[in-house]
Each structure stands twice: as structure tokens, then as C-alpha cells.
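J.: Can you read through this structure? Questions will come right after.
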Amino acid sequence: MFEDVAERLRAANQGKIPFEEEVGRLTDLRSSILENKKMEQDLLLMYTYMAAITTSAVTRPEIFQYTSERIEYIPSRYIAQVQRLVAGWGNSYAGALRAVAERCRNDTLQSMLNRYANSIDSGVPDDAFIETELSSIRSIYRNSFEQGLELLKKWGDAYIAMLLSGSLVAIIIMISVAIYAPEGIDSALNSSYAIILAISAFGLIIMYRAVPDDPRTHGLAGACSKEQGIVRRMEHLVVPITAAIALLLVLLGVNAGIIFLLAGLMLMPLGIIGYIDDANIVNRDNDFATFIRSLGAIMGGKGITTGDALREVDRKSLIHLDPFIASVSTKLNLGLDEAGSWTKFIGETGSYLIYKYMHIFRDAVALGGSPDAIGKIVGSSMLEQVLLRRKRDMMVKGFVVLLIPMHGAMIGIFAFLFEVLLSMSRAVTEVMEHFAETSAALSGGTSTIGGAMSSSLNIFANFPEDTMRAYVVTILLMLTVANTFAGKIVMGGDRYMYYFFASLLSAVTGVIYIVAPIIVGIFFNIPSFAGV
């Protein structure tokens, strides 16, 4: 059906689909951004794999062939192009590497391909070159990660400052409307929305570009950790129900604070379970670097199988991985399929890094490599990423501790100031009506004093309550959504971290919006002029 529509559009527009070129450019830009963002980490993974398999007696064609089959690594796709040029067109490996490098848009990968070509021309053995490159890419990855953290720290502070400035502009517009009650305020309110939206989008995009790529969960369809399974089952029910209830309450005109609070409470179980899973994955990754070294050392030192080596691994220091290691050991002792047992292990841990590095270890051992050497290579690369993640987590804690109070402060300023202005407007309007009635009674119907009083007290009168309430709620919604994305981008993790920040910030917004009129009513009383 869609093919027929496309053909008709092409026929009607001289063989082109409207905006096809623009969409293509945007798609290429998006692919380039995502590719560059993941490149350093995937280079580290690919070179770890190459260094691991070179511990066995593999030839150069086998190195390129095995590496090209690891299509989950972005650089491996370029290695696959090299392999096709060599196998299909008879090019030399050095010439094919240079040809692919010319079409490569990533500087780091382009440099790597050219260095490999020069190494081949110079007669350097592949294992020596790969070992040196692995050390180099670890340094490059560490430097890129740390630079990203510094940029993220600066842009995180800038995001909060810019968003606070945008909120102040929105507050000034609200006060101006309360004081002067001008006609045609829609353009002013729309400009306020545009400012908040532009600041939020700019800050979020910059932070996303700066944040180092550090996926936590493997995202496998057939297996997941216990917490991920709970979230996956619950979100199909909780998220649609939350959206439907919120929409229904909006249509019924229920207080916006109740809607925010209810949405936050309904999403909170997903957020809490997701946060627990994220913390568990971090701890499992910390243990895995030690575990894989120990496993390789025992297998290589004693020349025993994986099942026997697992029984000798000291699991007392691997608190977070102990249940999973015990499960694999039990399955192997029962004679179950080894590949299936390790697949189950990877799935149940839920970790992206364990998924990648466990496959590297097992593939290299299956090719006849030294388990001891492979364990050191894999463990060192894993440890590099784990230590860098710890640095990121320290920065993230500071940002989140600042983000949540800042969000509460901005929401509080909006909500409380709106209620104060609303109370003042109602009081001033009541006083003006009272003076008008009194003046009319004293002057026999000619309200000279009331008219003068009305003109002098025109400020804070005719406050468009309904319009400004919708304005305040819209601004609060925009701030809550923007800060939810900001928290998720900075903290990382799976999509369930959106639920964590959305539930927390929505609950804060709802509580403040509900208590604001109560507190203002208690502490902000306008003196009555009824007896004057």
C-alpha cells in the first residue's frame, strides 16, 4: 500500500517525493551523530575482541573474517567492507583499509584504519599491532569519556542556570499581566512558552551530545534481569492507565496538582524498581571484572574446563554475581548445554557490558586462545569502563541533588506567586466594588469618588484567572518534562529511568501546586476595607 502511494507521489512530482532529500539529510545527520557517539566504546570492544582471538593461532584473513561478523560493533561494519574488498575484488589488506578509511567520517576510526594499513606495509605482526592499538584505544576512550564528563558538568550547570532564567522571564510576564491586565496577552504567553521550550531543547541536546555513551542494559528480547522483567510486564499496563486517567481528569477539570501527584504516584513503582535494577547492574559489572580474570587464570593455570573452574572461583568477594555464578555452575555440573547456560547467565544479569565481554571471552576460548591471557585482556577493558563509570556516577549524584531542589524551587515560585497575585487581584477587585457602591450611595447615583478610586486602583484588577492558571500549569508541565529528560540523559540507564525521574518530579510538582493556595491563604491575608 505504501509503495503505491510513494510511486504516485513520484509520478506527480517528476520522480521525487516531496522533502525526500531533506529527510535523507536529517537521517544521515542522525546516523552520524549516533555513530560518532558510540564509536570510541565500540572500538574498545572490537579491539578487545581482536586482541583476545589473536591469543590463538589465527591468521590475518581469520582475524578480519571473525571481526567482520561482529556486526554489533560499529567499527566491525567497516572491517566487513575491508573483507569484501579483499575477498571479492582481490585488493590487498593495506589497500582495502586505506580505501575504506577515505570514506569513513569518524576521525578516530579513520586514523585506526590508516595505521593498520601502514602496519601491514611495514611488516608488523598483527598481534603486536593489535596489542598496541588496544592500549591506545583505552587511552583514547578514557580521554574522550573524561572530556565528556567535564563538558557534561559545565553544560549541566548551564542548563539549570538557563532554565532558571527562562522561568524568571515567565514570572515577569505573569506579574506584568497581573499589574496591567493588558488586552491580547496571548502573544506574550506564547513567547514565554517559546523561551522555555528553546532553552530546554538547546540544553538537552547539548547535554546529550556531551554525555559519554555508557549503556547499562543489554536489551535482549528473550532474557532480562528479574527487575527488568517486572518493569516490562508492568509498564504495558501502568503507563496506558496513567495516561488515560490523567486525560480523563483533565477533561473533568480536576485540580492540576492532583493530576501531577497521581501520575507521579502511579509511575513511582516502575521508577523505584528500575532504579534498583540500575544499581544492581552497576554492582554486577564491578564484580565481573574480577570474576573474568579469576576464571581465566584458573582455567589457564590448571588446564581445566569452565565448569570445573567455576567451582574453584572465590565467590565470597563476588557478592552481587554469586547467585548467577552458582546457577551456571549448577547447570554445567548437571551436564546442560554450556552455551545455553551462559546465555541464561548473561540474560539474568541484565548487563550490557557482561553481555559484550562474556561473548568475547567465550568466543576467544572456543578458538583455542589462552584463557589466562584472554581473561586479563577482557578484565582490563572491563575494569577501564567500570572505573570511568564510577567517575560519572559521582558527577551524576551532584547534578541530581541540585536538579530536584531546583525543580521544586522553580515550581514553588510559580505556584506561590500565582496564588499571591490571585489573592491580591481578588482583594483589589472587592475593594473597588465596595468603594463604587459607597460612592454611589453618598452621591445619589453619581459615583465620582468610586470612579476616581477605580482609576487609581486599576493595578491588580481584571486579572484573567482562567487564562493565567492554564499558563502556569503549562509552564509547570514543560519544566517537569524537561527536567525528567535532563535527569535521564545525565544519569543514563535504561528507559525505566524516565519513570524514576518522571514520578519523582511529577510528585514534587503536584504536592507544591496543591499546598500553595493553602499556605498562601494562611499567611497572606489582605486587610478588609468593608468598614471604611
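J.: When the residues of the stretch 306-339 are filtered to those that are within 16 Å of GLY375 (Cβ to Cβ) and outside any helix (DSSP H, G or I), which remaining residue is most open to solvent (accessible area, probe 1.4 Å)?
T.: It comes out as ASP314.
J.: Which one is least open to solvent (accessible area, probe 1.4 Å), of the residues in the stretch 58-94 that are of a type in the set (Phe, Trp, Tyr) and either over 20 Å from ALA364 (Cα atoms) or in contact with an Asp or Glu (Cβ under 6 Å, 6 or more places away or on another chain) (or both)? Write out each step before concluding.
T.: Kept after step one, since they are of a type in the set (Phe, Trp, Tyr), are these residues of the stretch 58-94: 64, 66, 73, 78, 89, 93.
Cutting the leftovers down to either over 20 Å from ALA364 (Cα atoms) or in contact with an Asp or Glu (Cβ under 6 Å, 6 or more places away or on another chain) (or both) gives us 73, 78, 89, 93.
Numbers: TYR73: 1, TYR78: 28, TRP89: 200, TYR93: 35 Å².
In this case the residue turns out to be TYR73.
J.: Can you pull out the residues in the stretch 129-139 that are open to solvent by 40 Å² or more (accessible area, probe 1.4 Å) and either among the aromatic types (Phe, Trp, Tyr) or free of Cβ contacts under 8 Å to residues at least 24 places away in the same chain (or both)?
T.: Our first condition is that a residue be open to solvent by 40 Å² or more (accessible area, probe 1.4 Å); within the stretch 129-139, this holds for 131-132, 135-136, 138-139.
If the condition is that a residue be open to solvent by 40 Å² or more (accessible area, probe 1.4 Å) and either among the aromatic types (Phe, Trp, Tyr) or free of Cβ contacts under 8 Å to residues at least 24 places away in the same chain (or both), then THR132, SER135, SER136, SER139 are the ones that fit.
J.: Could you please tell me which pairs satisfy a Cβ distance under 9 Å, a separation of 6+ or placement on different chains, a first residue in the stretch 210-228 that is in contact (Cβ under 8 Å) with a residue 60 or more places away in the chain and of a type in the set (D, E, K, R), and a second residue that is part of a strand (DSSP E or B) and buried (at least 21 other Cβ atoms within 10 Å of the Cβ)?
T.: ARG216/SER351
J.: For the stretch 95-109, give me each residue that is open to solvent by 10 Å² or more (accessible area, probe 1.4 Å) and among the β-branched types (Val, Ile, Thr).
T.: Within the stretch 95-109, THR108 is the sole residue that qualifies.
J.: Would you mind stating whether MET162 is closer than 30 Å to ASN143 by Cβ, of a type outside the set (D, E, K, R) and surrounded by 14 or more Cβ atoms within 10 Å (Cβ to Cβ)?
T.: Values: closer than 30 Å to ASN143 by Cβ: yes; of a type outside the set (D, E, K, R): yes; surrounded by 14 or more Cβ atoms within 10 Å (Cβ to Cβ): yes.
Spelling it out, MET162 is indeed closer than 30 Å to ASN143 by Cβ, of a type outside the set (D, E, K, R) and surrounded by 14 or more Cβ atoms within 10 Å (Cβ to Cβ).
J.: Residues of the stretch 482-497 being open to solvent by 10 Å² or more (accessible area, probe 1.4 Å), in a helix (DSSP H, G or I) and in contact (Cβ under 8 Å) with a residue 24 or more places away in the chain, which ones?
T.: Answer for the stretch 482-497, where residues must be open to solvent by 10 Å² or more (accessible area, probe 1.4 Å), in a helix (DSSP H, G or I) and in contact (Cβ under 8 Å) with a residue 24 or more places away in the chain: PHE485, ILE489, MET491.
J.: Anything in the stretch 367-394 that is in contact with a Gly (Cβ under 8 Å, 6 or more places away or on another chain) and closer than 17 Å to ASP278 by Cβ? List them, or say none.
T.: ARG392, the sole residue that qualifies.
J.: Exactly one of these conditions fails for VAL400: (1) of a type outside the set (Asp, Glu); (2) at pLDDT 90 or above; (3) assigned to a helix (DSSP H, G or I); (4) open to solvent by 10 Å² or more (accessible area, probe 1.4 Å). Give me its number.
T.: Tallying (1) of a type outside the set (Asp, Glu); (2) at pLDDT 90 or above; (3) assigned to a helix (DSSP H, G or I); (4) open to solvent by 10 Å² or more (accessible area, probe 1.4 Å), VAL400 fails exactly one: (2).
J.: In addition: Within the stretch 349-367, can one find any residue that is modelled with pLDDT of 90 or more, within 18 Å of LEU44 (Cα to Cα) and outside any helix (DSSP H, G or I)?
T.: Yes - at least one qualifying residue is present in the stretch 349-367.
J.: Inspect all residues belonging to the stretch 516-532 and state whether any of them is aromatic (Phe, Trp, Tyr), buried (at least 22 other Cβ atoms within 10 Å of the Cβ) and at pLDDT below 95.
T.: Among the residues of the stretch 516-532, not one is aromatic (Phe, Trp, Tyr), buried (at least 22 other Cβ atoms within 10 Å of the Cβ) and at pLDDT below 95, which makes the answer no.
Table: residues versus (1) at pLDDT below 95; (2) assigned to a helix (DSSP H, G or I); (3) surrounded by 18 or more Cβ atoms within 10 Å (Cβ to Cβ).
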{"residue": "ALA188", "(1), (2), (3)": "yes, yes, no"}
{"residue": "ALA194", "(1), (2), (3)": "yes, yes, no"}
{"residue": "MET207", "(1), (2), (3)": "yes, yes, yes"}
{"residue": "PRO212", "(1), (2), (3)": "yes, no, yes"}
{"residue": "PRO215", "(1), (2), (3)": "yes, no, no"}
{"residue": "ALA221", "(1), (2), (3)": "yes, no, no"}
{"residue": "ILE230", "(1), (2), (3)": "yes, yes, yes"}
{"residue": "LEU265", "(1), (2), (3)": "no, yes, no"}
{"residue": "ALA279", "(1), (2), (3)": "yes, yes, no"}
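J.: Does ALA409 satisfy the condition of being out of contact with any Phe, Trp or Tyr (no Cβ under 9 Å at 6 or more places or on another chain), assigned to a helix (DSSP H, G or I), in contact (Cβ under 8 Å) with a residue 40 or more places away in the chain and open to solvent by 10 Å² or more (accessible area, probe 1.4 Å)?
T.: On the way: out of contact with any Phe, Trp or Tyr (no Cβ under 9 Å at 6 or more places or on another chain): yes; assigned to a helix (DSSP H, G or I): yes; in contact (Cβ under 8 Å) with a residue 40 or more places away in the chain: no; open to solvent by 10 Å² or more (accessible area, probe 1.4 Å): yes.
It is false that ALA409 is out of contact with any Phe, Trp or Tyr (no Cβ under 9 Å at 6 or more places or on another chain), assigned to a helix (DSSP H, G or I), in contact (Cβ under 8 Å) with a residue 40 or more places away in the chain and open to solvent by 10 Å² or more (accessible area, probe 1.4 Å).
The values are calculated or read from the model by the stated rules, or taken from the named source; none is laboratory data. Keep in mind the model is a prediction, meaning the values are calculated, not measured. A quick note on method: Cβ atoms are made from the backbone with ideal geometry, for glycine too, and the neighbour counts reach across all protein chains shown. Surface areas here come from the heavy atoms of the whole protein model, side chains and all, with no ligands, DNA or RNA. Shrake-Rupley method; radii C 1.70, N 1.55, O 1.52, S 1.80 Å.
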